[in-house]
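> For reference, the structure I am asking about is given below.
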């Protein structure tokens, strides 16, 4: 395996997908691999304290309310602009983020009733803000959304974080909710002109997925 010594430009690795997709494991794996290639990197996991891309000082009840939706969009745009400025000027050649762009920002806005036009505006504006970091995207797409919820709850338990799924109705409703938002996100991702790999998870072939991801990162980061 060749050793890369630094890269010419700051880069961003975006890892995303619905909860329980393996994003944190993937982010850690990539960070370790970059380190082994002598590439200075920072891995910002979703649960990092004082996460730079989270809105910490506001609470929102519904994005059917245009005033709340517009404030959310403005605050996120400001967070992402500050983040890009800091990444551009810090010592790390590569920054890795997981969950915060699509799962936490776009999916949650979708679930909270933001209208289609505002969702498109929010998505395009955040992706545009990230352009100076020449992002590459790793996206875990769940072919069977309800089945993914049943799988991950079988691994983690029926209650973790904000998740509380117990009955067949709970799983069906989660499948419908996240299936709708995942379809919207997939349409956005398909049109985003960045290097990307989409893992269409159906059979949980994690070793195969990991090998494909590492090869993708290796070919994309110079």
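Okay, residues lined up against (1) touching a residue at least 60 places away in the same chain (Cβ under 8 Å); (2) assigned to a loop (DSSP other than H, G, I, E, B); (3) farther than 22 Å from residue 143 by Cβ:
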{"site": "16", "(1), (2), (3)": "yes, no, no"}
{"site": "19", "(1), (2), (3)": "yes, yes, no"}
{"site": "25", "(1), (2), (3)": "no, no, no"}
{"site": "28", "(1), (2), (3)": "no, no, yes"}
{"site": "31", "(1), (2), (3)": "yes, no, yes"}
{"site": "39", "(1), (2), (3)": "yes, yes, yes"}
{"site": "42", "(1), (2), (3)": "no, no, yes"}
{"site": "47", "(1), (2), (3)": "no, yes, yes"}
{"site": "50", "(1), (2), (3)": "no, yes, yes"}
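> May I pose another question? Within segment 187-215, how many residues turn out to be farther than 22 Å from residue 106 by Cβ and part of a helix (DSSP H, G or I)?
Residues meeting the conditions: 9.
> Need the failing condition index for residue 201 against (1) surrounded by 14 or more Cβ atoms within 10 Å (Cβ to Cβ); (2) modelled with pLDDT of 95 or more, just the number.
Condition (2) is where residue 201 drops out.
> Suppose the filter is surrounded by 13 or more Cβ atoms within 10 Å (Cβ to Cβ), touching a strand residue (DSSP E or B) at 6+ places or on another chain (Cβ under 9 Å) and assigned to a helix (DSSP H, G or I); does residue 140 pass it?
no
> Turning to a different aspect of this structure: Please go through segment 52-65 and give me each residue that is closer than 25 Å to residue 9 by Cα and crowded, with 18+ Cβ neighbours inside 10 Å, ordered by number.
Within segment 52-65, 53 is the sole residue that qualifies.
> Let me ask another. Find the residue count for segment 99-118, including only residues that are out of contact with any helix residue (DSSP H, G or I) (no Cβ under 9 Å at 6 or more places or on another chain) and either within 14 Å of residue 55 (Cβ to Cβ) or crowded, with 24+ Cβ neighbours inside 10 Å (or both).
2
> For segment 38-50, which positions are at pLDDT below 95 and surrounded by 13 or more Cβ atoms within 10 Å (Cβ to Cβ)?
Passing the criteria: 46, 48.
> So, one more: Kindly provide the set of residues from segment 54-84 that are assigned to a helix (DSSP H, G or I), within 26 Å of residue 30 (Cβ to Cβ) and in contact with a helix residue (DSSP H, G or I) (Cβ under 9 Å, 6 or more places away or on another chain), ordered by number.
76, 80, 81, 83, 84
> Report yes if residue 184 is in contact with a helix residue (DSSP H, G or I) (Cβ under 9 Å, 6 or more places away or on another chain) and part of a strand (DSSP E or B), otherwise no.
no
The values are calculated or read from the model by the stated rules, or taken from the named source; none is laboratory data. None of these values were measured; they are calculated from a predicted model. Every residue, glycine as well, gets a Cβ built from its backbone with ideal geometry; the counts of neighbours run over all protein chains shown.
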